[in-house]
1. Any residue at all in region 286-299 that's touching a Pro at 6+ places or on another chain (Cβ under 6 Å) and outside the structural domain of Q159 (by TED's automatic domain parsing)?
2. Scan region 75-117 residue by residue and report those that are within 16 Å of R64 (Cβ to Cβ), among the acidic types (D, E) and touching a residue at least 40 places away in the same chain (Cβ under 8 Å).
3. Anything in region 265-313 that is basic (K, R), touching a residue at least 24 places away in the same chain (Cβ under 8 Å) and in a helix (DSSP H, G or I)? List them, or say none.
4. Go through region 222-263 and count every residue that is surrounded by fewer than 12 Cβ atoms within 10 Å (Cβ to Cβ), closer than 20 Å to S206 by Cα and either of a type in the set (G, A, S) or touching a Cys at 6+ places or on another chain (Cβ under 8 Å) (or both).
5. Take region 65-82 and flag every residue that is at pLDDT 95 or above and polar (S, T, N, Q).
6. Being of a type in the set (A, V, I, L, M, F, W, C) and in contact with a strand residue (DSSP E or B) (Cβ under 8 Å, 6 or more places away or on another chain) narrows it down to one residue among F67, F125; which is it?
7. Is one or more of the residues making up region 296-308 modelled with pLDDT of 90 or more, more than 29 Å from E166 (Cβ to Cβ) and not β-branched (V, I, T)?
8. Search region 144-160 for residues being closer than 23 Å to E197 by Cβ and β-branched (V, I, T), and hand back the single one that is nearest to the chain's Cα centre (by Cα).
Amino acid sequence: MPKQLAFPGLRDAMKKKVTRREQFLAEMEAVVPWSRLLALIEPHYPKAGPKGGRPPMPLETMLRVYFLQNWYALRNPMAEETLYDSDAMRRLTGIELCDDRISDETTILNFRHLLDQHGLTEAIFAEVNGHLAGKGITLRSSTLVDAPIIDAPSSTTNQAGKRDPEMTSTKKGNDWYFGMKAHVGADADSGITHSLETSTAKLHDSQVWDELLHGDEDTVWADKGYVNTARRAAFEGPGKFWGVMRKAPAGGRLHPVDEQINRLIAKVRAKVKHPFRVIKRQFGYTRTRYRGLAKNRAQLFTLFALGNLFQVRRRLMA
């Protein structure tokens, strides 16, 4: 005989364990600057639905659903279904099954299109970093530069019968990759990503440099792909250090002193990998989700904004 169901509030009160999902969502609920982000989006959000149609979903609900999508790598249909399945996710969005509408997949899609159309994901990234700077977290005296490849699906089993035409192939070591690059500048002290640019995978890392620096650095750190004599000469000066890994001359070997310098640089540069670890391992972003650079670029700004908050969540909560 089936057991009688308890009231949801009573059932939650009787729980003996807080799940990892509940703990994660509680932490992000506490550190996201909701009011600042809502004020940013509100001027672009519709005040009323179509004539004779349903009123729009509350803006805060849609923003929270959008962040859930990025935290858990959910496509639009799965985001809708998960809201029905997960009590923890409904609590974050403020949705009650008995009283409120659940955001359907079309509404979720339209909200993302709204953000893309008005360039609001870049604004979210800037607003989050401004929030962190106000908390004294970003020192910005030293920048780490990197440009990992983000894989894109290479399958041609789609309506067009072709791979994404805006993605390209490139060779790294002995392996070939197909996709795009995320060029980032990160603060060497906090690991916070303060600059982001995107390109196709075949563009050489060194082609994107000035966009990743904020201009007040006394130190820059990068791998051998960024070796450039003119840039080094322009950067060096009193109190500055050119932390780009040394490159052996053609057909020659690296000097032992340069080898030791490279080992020291590599230890510092390791921190630039942390933002990518967060979005790939914590948020499940292992490959591009959309076709075309623009849509994927927009999502990356959101992911790195949320990744910045995740990296320093304990400092913010303290």
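The values are calculated or read from the model by the stated rules, or taken from the named source; none is laboratory data. Please read all numbers here as calculations on a predicted model, not as lab measurements. Heads up, the Cβs are rebuilt from the backbone with ideal geometry, glycines too, and the neighbour counts pull from every protein chain shown.
1. The answer is no; no qualifying residue exists.
2. Hit for region 75-117 is D87, nothing else.
3. We begin by selecting, within region 265-313, every residue basic (K, R); these are 267, 269, 271, 273, 277, 280-281, 287, 289, 291, 295, 297, 313.
Checking which are touching a residue at least 24 places away in the same chain (Cβ under 8 Å) leaves us with 269, 271, 273, 287, 289, 291, 295, 297, 313.
Answer for region 265-313, where residues must be basic (K, R), touching a residue at least 24 places away in the same chain (Cβ under 8 Å) and in a helix (DSSP H, G or I): R269, K271, K273, K295, R297, R313.
4. Matching residues across region 222-263 total 4.
5. Q69, N70 - these are the residues of region 65-82 that are at pLDDT 95 or above and polar (S, T, N, Q).
6. F125
7. Of the residues in region 296-308, the ones modelled with pLDDT of 90 or more are 296-308.
Filter once more, keeping what is more than 29 Å from E166 (Cβ to Cβ): none.
The answer is no; no qualifying residue exists.
8. The qualifying residue nearest to the chain's Cα centre (by Cα) is I150.
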